[in-house]
1. Tell me the accessible surface of Trp165 in square angstrom (1.4 angstrom probe, heavy atoms of protein chains only), to the nearest ten.
2. Just the number: Rg to Rh for segment 24-261, Cα atoms, Kirkwood Rh, two decimals.
3. Starting at 0 and stepping by 5 Å, how many percent of the alpha carbon pairs of segment 32-153 end up in each bin?
4. Per-residue ellipticity at 222 nm for the chain, helices alone: DSSP H runs ≥ 4 residues times -39500 (n - 2.57), over residue total, nearest 500 deg cm²/dmol?
5. For a protection proxy built on the mean count of beta-carbon atoms within 10 angstrom, sort 197-203, 153-159 highest first, please.
6. Cut-off 10 angstrom, C-alpha nodes, Gaussian network model of the chain. Which of Val243, Val138, Val326 fluctuates the most?
7. Pull up all non-local amide H partners of Phe176: gap of 5 or more, or a different chain, and H-to-H distance under 5 Å with H placed in the peptide plane.
8. Using DSSP, restrict attention to beta bridges with both residues in segment 24-261 and report what percent are antiparallel, rounded to the nearest 5.
Amino acid sequence: MSIECERVHGINLAQGVCDTTLPPSVGRAAKDAIDNACNSYTRYDGIGELRRAIARKLCLYNRLNTDPETQIIVSSGSTGAFYCACLALLNPGDEVILFEPYYGYHVNTLLAAEAVPTYVTMQPPDWSFTPQDLEAAVTSRTKGIMVNTPANPSGKVFSQAEIEWIAEFAMRHDLFVFTDEIYEYFLYDGRRHISPGALPGMEDRTITMSGFSKTYSITGWRIGYSASDPQWARMIGYMNDLVYVCAPSPLQWGVVAGLNELSAQFYCQLAKDYSVKRDRLCQALERAGLPPCSPQGAYYILANVSRLPGNDSKDRAMNLLSRTGVATVPGSAFFHGPQGESFVRFCYAKSDAELTEACQRLAGLE
Ligand code: PLP
């Protein structure tokens, strides 16, 4: 879609590349680190300053107590953190339950590790599921369950009750809980982020993953991490050393500055700014007759495009691109069954000017 969008000089709301500006202190600290010769390999699990800053943030924001010496592995983005966790903890044929709509990298990372994704399909518009749905997905080969809150592409923020169901289920079936919390600060309408690893009894089995791509608008820097019990962290660390050696050294210093210097106000403002973007795009989609599932968090909207001509979501996304010049991702990318065919995904991590242009173009559909 991005290539086709470029060809027609369209507005790309397909990829979640995050076209917003990074906090100046983060950029400055990375440049200073290059000038100050911080350009060599770091320890395999990241520089101590960053691991300690992450542990402080995990304690204050996520309510997780971690030892930065033995439990945190700084990786090549949260994508790298998940790949290393899969290599370290899963055997070929192990099943991992995913909530669908899912993020495609989660499926493909599991497949790359020869694990087998299985699915719990959530129901629109609020992407609900029940404890019975979890029970129906488990088999004797199930080794883990993946949580992504706030979620891409649905924007679902898992509630306290839902996280409690998942925790109880994981403990009863002795499962790992892999939790991707990359959008943890993108929360709307007063919602609160709940880290599954903070629930009683969950600390040993939860692999908490996050990163700075989205929060600091540095998707190309590739800095993320996992936090887990030392017995898992040691193995995840081996894999991180083998696959990536270390995360980019000067960029780790940039993130240290962000974690140490940015105040709570920065994170609140981020959520406020993105909730304005969400509202603008949701209103434009309503007016264009493409009903949006209003997201509770993250920065994507799944909208129902069944009124557009075409046999599947790809046809409909192409129709939308040719009529409005707005590029989206076909819903089939997020479902293993046919449920995705009536949806496309819009990303609103865009500058206000680009979003205004996209909303004007969508008005052309009315
Ligand atoms: N996890 C989810 C759910 C995402 O949507 C994305 C990016 O789109 C990532 C992870 C990638 O994160 P990172 O840049 O830290 O690898």
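1. 90
2. Working: Rg = 17.3 Å, Rh = 17.9 Å.
Using Cα coordinates only, the ratio equals 0.96.
3. 2, 9, 15, 16, 16, 16, 13, 6, 3, 2, 1, 0
4. Values: 12 runs with 150 residues, N = 366.
Value at 222 nm, helices only: -13000 deg cm²/dmol.
5. Details: 197-203: 17.4, 153-159: 24.7.
Result, highest mean Cβ count within 10 Å first: 153-159, 197-203.
6. Among Val243, Val138, Val326, the largest GNM mean-square fluctuation belongs to Val243.
7. Amide H neighbours of Phe176, under 5 Å, 5+ apart: Gly144, Ile145.
8. Values: 9 of 28 bridges.
Given both bridge residues lie in segment 24-261, the antiparallel proportion sits at roughly 30 percent.
The values are calculated or read from the model by the stated rules, or taken from the named source; none is laboratory data. From a predicted model like this one, the values you see are computed outputs, not experimental measurements. As a convention, Cβ positions derive from the backbone with ideal geometry for all residues, glycine included, and neighbour counts pool all protein chains shown. For accessibility, only protein heavy atoms count, side chains too; no ligands or nucleic acids. Shrake-Rupley method; radii C 1.70, N 1.55, O 1.52, S 1.80 Å.
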